[in-house]
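Below is one structure, written out as structure tokens, with a few remarks after it.
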Amino acid sequence: MMNRTTLRWLLGLALLATIGMAVAWRDRFDIVALQMWVEGAGAAAPLVFIAVYAAATVLFLPGAVITMAGGALFGPVWGTLWNLTGATLGASLAFLIARYLGADWVARRAGPRLSRLNDGVASEGWRFIAFVRLVPLFPFNFLNYALGLTRIAFLTYVLASALFMLPGALAFTWLGHAGREALSGGEGMVRTILIAMALVSAMAFLPRWVRKLRAKPMPDVEALKRQLDAGEDVLVLDVRGASEFAGEGGHIAGAHNLALEDLPSRMAELQDRKQRAIRLVCRTDRRSTQAAQLLTDAGFTDAQPVRGGMTAWQAKGWPIVRS
């Protein structure tokens, strides 16, 4: 009887061969061919379209072409629904395929750094999915497989993907609909084209919104003290000046002092903490919030300011060090 490892290898090789053939023949896959398949299906046209979209997603065929075809074939409302359904189904299948074929292998062979990165992705959960879906840094088809190798929960992945793929699906569906209107010279052509352009333009403002969306709730001093008392691996980074750090206000025992103004030039000192917890404090939380943003922009995955800073810590009457 064939063991599971052999079966996974065979399925993986079959998938790669199928993807290779699909990519080699992708020139035959265009809007005209898709329109012929769908229109020939009659009442089952939406189901055929969804199935084609899902299969194309798994096989690395261009999704933008299909999305615009959906707008041309079904209009902006039904087209968006069928596009989103097909994209979500295909993304879910690719995720499950990658998880079945490779997640265990990756987990066994991942080093400490990759494990911490995986933990960071899993801890962000839907926020990470929102970021990668709304900000197109990575190819859509590749991303579906890559996320299957992480520890993100499947249900979180499906729901977040469907929600945060909606803006792109809506914009490209309207583009396809506007193209058909332009070719046919139908009524409301100008209005349709303007709506499509507005939706595409709105996509340019999504990265700023996503940055705010990804921001985790600011931990308070109670949460920080629980972490320290439990002996968790967390660095307390105090971003006040040296005189304030050692002065009458004191600092938290074990805290590392690195002033906000020195942080950009001395960030290399923190490289070993890039995938590990950093909690930033200052007198309140104004400077620590700026420091957290600098670290996040530099690729630190868990740098968070502590709400209230040393003022809140002292109000609790907890020990401080003056030196």
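Which ³J(HN,Hα) values, rounded to whole Hz and listed in residue order, are derived for the stretch 235-245 from phi using the Karplus coefficients 6.51, -1.76 and 1.60 in 6.51 cos²θ - 1.76 cosθ + 1.60 with θ = phi - 60°, glycine and proline given as x?
3J(HN,Hα) across the stretch 235-245, in whole Hz: 9, 8, 10, 8, 9, 7, x, 4, 5, 6, 4.
Counting only protein chains, not ligands or nucleic acids, how are Leu280, Leu16 ordered by accessible area (probe 1.4 Å), most first?
Highest to lowest solvent-accessible surface, that is Leu16, Leu280.
Report the paramagnetic label zone for Gln227: residues of the stretch 124-144 whose backbone N is under 20 Å from a point 7 Å from Cα along the Cα-to-Cβ axis.
Only 124-128 fall inside the zone, counting backbone N under 20 Å.
On full extension of the chain, what length is gained from Glu261 through Val321, given 0.36 nm per residue of separation minus the C-alpha to C-alpha distance?
19.3 nm
Name the long-range amide H neighbours of Asn257: under 5 Å, sequence gap of 5 or more, or other chain; modelled H, no Pro or chain starts.
The list, which skips near neighbours in sequence, is Asp238.
Starting from the Cα-Cα distance between Ala14 and Ser243, subtract it from 0.36 nm times their residue separation and give me the gain in nm to one decimal.
Residue separation times 0.36 nm, minus the Cα-Cα distance, leaves 75.9 nm.
Taking 7 Å along the Cα-to-C-beta vector as the label spot, tell me the Thr156-Ala45 distance in nanometres, rounded to one decimal.
4.0
The values are calculated or read from the model by the stated rules, or taken from the named source; none is laboratory data. Keep in mind the model is a prediction, meaning the values are calculated, not measured. As a convention, Cβ positions derive from the backbone with ideal geometry for all residues, glycine included, and neighbour counts pool all protein chains shown. Quick note on the areas: whole protein, heavy atoms, side chains included, nothing else; ligands and nucleic acids left out. Shrake-Rupley method; radii C 1.70, N 1.55, O 1.52, S 1.80 Å.
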